[in-house]
1. Under the 0.36 nm per residue contour assumption, what length would be gained going from the current alpha-carbon distance of Asp323 and Lys221 to full extension?
2. Provide the FRET efficiency to the nearest 0.05 for the Asn212-Asn81 pair, computing r from the beta carbons and using R0 = 35 Å.
3. Which value results when the Cα radius of gyration for the range 147-238 is divided by 2.2 N^0.38 Å?
4. For the range 221-339, what does the alpha-carbon gyration tensor say about shape, rounded, prolate or oblate, given a ≥ b ≥ c as the root eigenvalues, a/c under 1.5 as rounded, and a/b over b/c as prolate?
5. Excluding ligands, DNA and RNA, what is the solvent-accessible area per residue of the range 10-197 at a probe of 1.4 Å, expressed in Å²?
6. For the range 208-338, report the accessible area per residue in Å² (1.4 Å probe, heavy atoms, rounded to an integer).
7. Does the range 10-197 classify as rounded, prolate or oblate by the C-alpha gyration tensor (a ≥ b ≥ c root eigenvalues; a/c under 1.5 gives rounded; else a/b over b/c gives prolate, otherwise oblate)?
8. Once R0 is set to 25 Å, what does the formula 1/(1 + (r/R0)^6) return for the Cβ-Cβ distance between Thr309 and Asn242, expressed as a FRET efficiency to the nearest 0.05?
Amino acid sequence: MLNRTMVITLERFILDQEAFHPDDTGELTNLLYDIALGAKMIASQIRRAGLVNIIGTAAAVNVQGEEQQKLDVYANETLKNALNHTGRVCAIASEEDEELIPIPDGYPAGRYTVAFDPLDGSSNIDVNAPVGTIFAILRRVTTAGQGTLADVLQPGRELVAAGYVIYGSSVMMVYSSGHGVHGFTLDPTIGEFLLSHENISTPRTGKYYSVNESNFGRWSKGVQRAVRGFHGDDPSRMKGKNSRYIGSLVADFHRNLIAGGVYLYPGDAKNVDGKLRLLYECNPMAFLAEAAGGKATDGTRRILEISPTSLHQRTPLVVGSADDVDYVARVIAETAGAA
Ligand code: AHM
Ligand code: MG
């Protein structure tokens, strides 16, 4: 049985990690804790999602007389409210907001920016499958006042911290501030995230590959060949893998991080840059993968080296176990060379 006097909470763990960030004076610690609070609120709302069908539709009025919001709207508002008045951030970027979100008038602007996808994979809500929140934290590059695009449009190698929360059979927060990747499981009885997975290291070669194969016919020859390699068609260089894809980046990534595997969302003839967004989907996952010993590329370039030019830009993504990500890049390069 769990010894409740010996558990390590997220707050305590992040505080201990401050030794790695001596110039941060606790702000990063508090910022991560702000995100954790937002995640707990989102988790409790998600747990009630199925009940919406019983108590009314998304547009219904709840017991407090407030209009029920769709969960992705709720998640977005919750995270913005958890972050925008604390004096720790100078600007926020969200998948749900076209423009950079400024700090409201009358509140101080801080040293960090946060970019997030408040509820990734939200189409999974209707079928009771896992969804997640993904976040990326950067230190501002301007010196004072409201943050600007320049503060947010930095390559992922500049990230100070990044992570995700998975709302699955249990709720977990996984984050890195560059010194290991650590997982915390929400204990709903005490409302705290408790350290459950310290120093996650991802296997060098994975068991799984995760990709939406219905797009196969639109992929480049190189991507097609690499995925055939995962089927077992290139046995001298690649052992065949199992396929696992639920269509929720956080869930697919999380499985592969722990068990070993590679997640791909390649560009295709219709969407040359694929589907996923660089700033708040690909960069944080790339940062975590690398911190756990894995890799992330767009098929050619390291994701964390890409210099962003717009808030919602997309990039192809290949992320996960290092040998598997390298294999995809090698096959793409060989195929391009042979063309
Ligand atoms: P979203 O941000 O609109 O939820 O889209 C991102 C999601 C990822 O979680 C998932 O991996 C991908 O879209 C699935 O896309 P597809 O249905 O094309 O396979
Ligand atoms: Mg998303």
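The values are calculated or read from the model by the stated rules, or taken from the named source; none is laboratory data. Here the structure is a predicted model, which means the values were calculated and not measured. Heads up, the Cβs are rebuilt from the backbone with ideal geometry, glycines too, and the neighbour counts pull from every protein chain shown. Areas reflect the complete protein model, heavy atoms only, side chains present, ligands, DNA and RNA absent. Shrake-Rupley method; radii C 1.70, N 1.55, O 1.52, S 1.80 Å.
1. 34.7 nm
2. That pair, Asn212 with Asn81, gives E of 0.55.
3. Output field value: 1.54.
4. oblate
5. Per-residue accessible area for the range 10-197 comes out at 44 Å².
6. 39 Å²
7. oblate
8. 0.10
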